[in-house]
Amino acid sequence: AQQGRVREKAYGKQKIYFADQEQLPAASDAELRGLDGEIAARSAKVQALQQSCRQMEAELKDLNSSMTTPEMAREIEELRKDCASYTEKLERIKSAANHVTPEEKEKVCSEQKLYCKEWRRRKRM
């Protein structure tokens, strides 16, 4: 500080030392404009890289959430087994000999309505 290379500022009981900027060469307007242009170019490059990074992260998230090939193969195999079992069950139902004919169904429904009607009538008594 006594030699003039470092400056000293006192804030109450504290002292702060910092480099003396008056000894540094001053930049010209052309240099400042060049540095500003370089900063703008690098900022644009950083934004482009950040956008690319976001897109890649989104793609990675999609890929991580999707099923892998072995998992997909297992899932397909399970679905085929389920389909086969349902087809077999459908064939058993279709080939059953104890089907109810529409006439029998209508007869049972009409009897059920008659019995409900009688029950209601007797309930009111």
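Extension gain for Glu75-Lys123 works out to 11.6 nm (0.36 nm per residue, less the C-alpha to C-alpha distance). Per residue, the chain exposes an accessible area of 100 Å² to a 1.4 Å probe, with every protein chain left in place.
Against the compact-protein benchmark of 2.2 N^0.38 Å, the Cα-based radius of gyration of region 69-124 scales to 2.22. For the chain, averaging the sequence separation of C-alpha pairs within contact (under 8 Å, six or more residues apart) and dividing by the residue count gives a relative contact order of 9 percent. Relative to the longest principal axis of the Cα atoms of the chain, the long axis of helix 102-124 lies at roughly 90 degrees. Computed from backbone phi with θ = phi - 60° and the Karplus coefficients 6.51, -1.76 and 1.60, the 3J(HN,Hα) list for region 70-75 is x, 5, 5, 5, 4, 4 Hz; x is used for glycine and proline. Loop by DSSP (not H, G, I, E, B), at most 15 other beta-carbon atoms within 10 Å: where is the longest site-free stretch of the chain for trypsin sites (Lys or Arg not before Pro)? Answer - 14-125. Across the accessible surface of region 69-124, with the other protein chains kept in place and a 1.4 Å probe, carbon and sulfur atoms take up 57 percent.
Pair-distance distribution of the chain: all C-alpha pairs, bin width 10 Å, starting at 0; shares per bin in whole percent are 9, 10, 10, 11, 10, 9, 8, 7, 6, 5, 10, 3, 0. Full extension of the chain segment joining Gln47 with Thr87 gains 8.7 nm, where the gain is 0.36 nm per residue of separation less the Cα-Cα distance. Coupling constants for region 41-48 follow from the phi torsions by the Karplus curve (6.51 cos²θ - 1.76 cosθ + 1.60, θ = phi - 60°), and in residue order they are 5, 5, 5, 5, 5, 4, 5, 5 Hz; glycine and proline get x. Estimated from helices alone, the mean residue ellipticity of the chain at 222 nm is -24500 deg cm²/dmol (sum of -39500 (n - 2.57) over DSSP H runs with n ≥ 4, per residue). Take every Cα pair under 8 Å in region 1-63 that's 6+ residues apart, average their separations, divide by the length, and report that relative contact order as a whole percent. Computed over region 1-63, the figure is 17 percent.
The values are calculated or read from the model by the stated rules, or taken from the named source; none is laboratory data. What you see is a predicted model; the values in this text were computed from it and never measured. Positions of Cβ are generated from backbone atoms using ideal geometry, with glycine treated the same way; all protein chains shown enter the neighbour counts. For accessibility, only protein heavy atoms count, side chains too; no ligands or nucleic acids. Shrake-Rupley method; radii C 1.70, N 1.55, O 1.52, S 1.80 Å.
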